[in-house]
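The values are calculated or read from the model by the stated rules, or taken from the named source; none is laboratory data. Since this is a predicted model, take the numbers as computed values, not measurements. Cβ: placed from backbone, ideal geometry, glycine included. Neighbour counts: every protein chain shown. Calculation scope for accessible area: heavy atoms of the full protein, side chains included, ligands and nucleic acids excluded. Shrake-Rupley method; radii C 1.70, N 1.55, O 1.52, S 1.80 Å.
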Amino acid sequence: MTHPLSDRINSLPVSQTLAMAAKARELKFQGVDIISLSLGEPDFNTPDFIKDAAIEAINQNYNSYTPVDGYVELKEAICKKFKRDNDLVYQPNQIVVSTGAKQSIANVAQVLLNPGDEVLLPAPYWVSYSAIAILCEAKFVEIPSSIDDDFKITPAQLEAAITPKTKMIFFNSPNNPSGSVYSEKEYRALAAVLEKHPQIYVLSDEIYEHINYGYKPFSFAAIESMYNRTITVNGLAKAFAMTGWRIGYIGAPEWIAKACTKMQGQITSGANCIAQRAAITAVLAPVEKIQYMVDEFKTRRDIVIGLLEKIDGFKINEPEGAFYVFPDISYFFGKTIDGTTIQNANDFSLFLLEKANVATVTGDAFGAPNCIRLSYAASELQLREAIKRIKEAVS
Ligand code: GLU
């Protein structure tokens, strides 16, 4: 039976990251020994100093509705963070706190995009970008890249993708799913193209900024000519192991911040009071306090790359940030392994789930159909076991 759902929801794809995580959970519940490398979620506990701030907030009776755009103290703390880490000057009236960076991105898209507007997505891109554009009845336009380009687009590609209908571009560095990091020089070269097209706004998703293994990621809004056209998105989930606390935020031109507050005021109101109080402590904490997690991710990255490189058919690049590897596995397309014919990345991901009991996410979901994503936000023991199983399954 078909239910009378709206065209809007019918046109929306399911989030592949969340779907794979749910599938892995379900199989685990049934007793299958699944190792899930599907969800991008730190496996650390939230640091004690942040938990203590939350407990204190509960004891101090922070229980009422919060201001729609966030507590003033949190917005001031976020301004300090932007100055300290990104050399960006924002005033509190340019900040909007949301229930996670995902909501921040959805707010921005909802307030800027009209039906028919075009949104540029340098691929690979995070699964929800395209879905968020679909919800706005905008058209998303992929700009492809491959492992041979280190999964980065060039200024010439950007120029070629722009039309009079282009309204926004979504950048994400360090990137989910590739782990690639654009350098300041590369960003400036892309900005030089955008300078010629003043109708285009930039959404710069910097949620993985602290999880980097080489040079410090650059902020798009730090380019002077881009500041008034850029919305900087960030949040606490990844760097502070606070995925479930749901706190994200933007720094943006005031008129965009105001519009996002209006949107949020009709949909969710302000973000959770306890999480916001804890967030003040988190964003003001010296970044050295979370370095142990970054160091651990780097160790795991090196282990994972070293092991995957030894599997025939896995083409790997070296991610410089985030906690994902994104191998090109197109070598397996058209091959039959153990009675299963692999036509595409989706087949390969399902094959790994069934034959190796390892959950990954297909690259199709990220606009990169030759790849699969593995999250190495898992213990070293689990990672070694998962890759051993993958190797056995494909050899
Ligand atoms: N951003 C994470 C990921 O890509 C969490 C899941 C999601 O919201 O997509 O796995």
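Overview of results
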{"quantity": "Odd one out for Ala106 among (1) among the small types (Gly, Ala, Ser); (2) under 18 Å from Leu236 (Cβ atoms); (3) open to solvent by less than 10 Å² (accessible area, probe 1.4 Å)", "calculated": "(3)"}
{"quantity": "When residues of the range 120-170 are limited to those that are in a loop (DSSP other than H, G, I, E, B) and within 16 Å of the ligand (Cβ to nearest atom), the one surrounded by the most Cβ atoms within 10 Å (Cβ to Cβ)", "calculated": "Pro124"}
{"quantity": "Cross-chain or 6+ apart pairs with Cβ under 7 Å, the range 5-20 first and more than 25 Å from Ala345 (Cβ to Cβ), then within 16 Å of the ligand (Cβ to nearest atom)", "calculated": "Arg8/Leu135"}
{"quantity": "Residue match in the range 299-308 (condition: within 30 Å of Ala106 (Cα to Cα) and part of a helix (DSSP H, G or I))", "calculated": "no"}
{"quantity": "Counted residues, the range 268-321 - those being in contact with a Gly (Cβ under 8 Å, 6 or more places away or on another chain) and more than 17 Å from Tyr376 (Cβ to Cβ)", "calculated": "3"}
{"quantity": "Qualifying residue in the range 330-351 (condition: β-branched (Val, Ile, Thr) and within 30 Å of His210 (Cα to Cα))", "calculated": "no"}
{"quantity": "Residue in the range 44-55 that is in contact with a strand residue (DSSP E or B) (Cβ under 6 Å, 6 or more places away or on another chain), open to solvent by 20 Å² or more (accessible area, probe 1.4 Å) and modelled with pLDDT of 95 or more present", "calculated": "no"}
{"quantity": "Output for the range 62-77, where each listed residue is open to solvent by 50 Å² or more (accessible area, probe 1.4 Å) and of a type in the set (A, V, I, L, M, F, W, C)", "calculated": "Val72"}
{"quantity": "Any chance Asp87 is buried (at least 21 other Cβ atoms within 10 Å of the Cβ) and closer than 26 Å to Cys260 by Cα", "calculated": "no"}
{"quantity": "Conditions (1) closer than 27 Å to Arg373 by Cβ; (2) buried (at least 19 other Cβ atoms within 10 Å of the Cβ); number of the one not met by Thr243", "calculated": "(2)"}
{"quantity": "Test: residue in the range 217-229 that is within 16 Å of the ligand (Cβ to nearest atom) and either at negative phi or without any contact (Cβ under 8 Å) to a residue 60 or more places away in the chain (or both)", "calculated": "no"}
{"quantity": "For Tyr187: the one exception among (1) hydroxyl-bearing (Ser, Thr, Tyr); (2) closer than 24 Å to Lys238 by Cα; (3) outside any helix (DSSP H, G or I)", "calculated": "(3)"}
{"quantity": "Any chance Leu39 is out of contact with any Gly (no Cβ under 8 Å at 6 or more places or on another chain), surrounded by 17 or more Cβ atoms within 10 Å (Cβ to Cβ), closer than 30 Å to Glu254 by Cα and in contact (Cβ under 8 Å) with a residue 40 or more places away in the chain", "calculated": "no"}
{"quantity": "Selected residue [hydroxyl-bearing (Ser, Thr, Tyr), more than 14 Å from the chain's Cα centre (by Cα) and open to solvent by less than 10 Å² (accessible area, probe 1.4 Å)] from Tyr187, Tyr215", "calculated": "Tyr187"}
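Residue-by-condition table, conditions (1) over 30 Å from Asn61 (Cβ atoms); (2) open to solvent by less than 30 Å² (accessible area, probe 1.4 Å); (3) more than 20 Å from the chain's Cα centre (by Cα):
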site	(1), (2), (3)
Gly248	no, yes, no
Ser269	no, no, yes
Ala282	no, yes, no
Leu308	yes, yes, yes
Gly321	yes, yes, no
Ile329	yes, yes, yes
Thr336	yes, no, yes
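For (1) at pLDDT 95 or above; (2) out of contact with any helix residue (DSSP H, G or I) (no Cβ under 7 Å at 6 or more places or on another chain); (3) not aliphatic (A, V, I, L, M), each residue gets a yes or a no:
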position	(1), (2), (3)
Ile311	yes, no, no
Lys315	yes, no, yes
Ala322	yes, yes, no
Val325	yes, no, no
Phe333	yes, yes, yes
Gly339	no, yes, yes
Asn346	no, no, yes
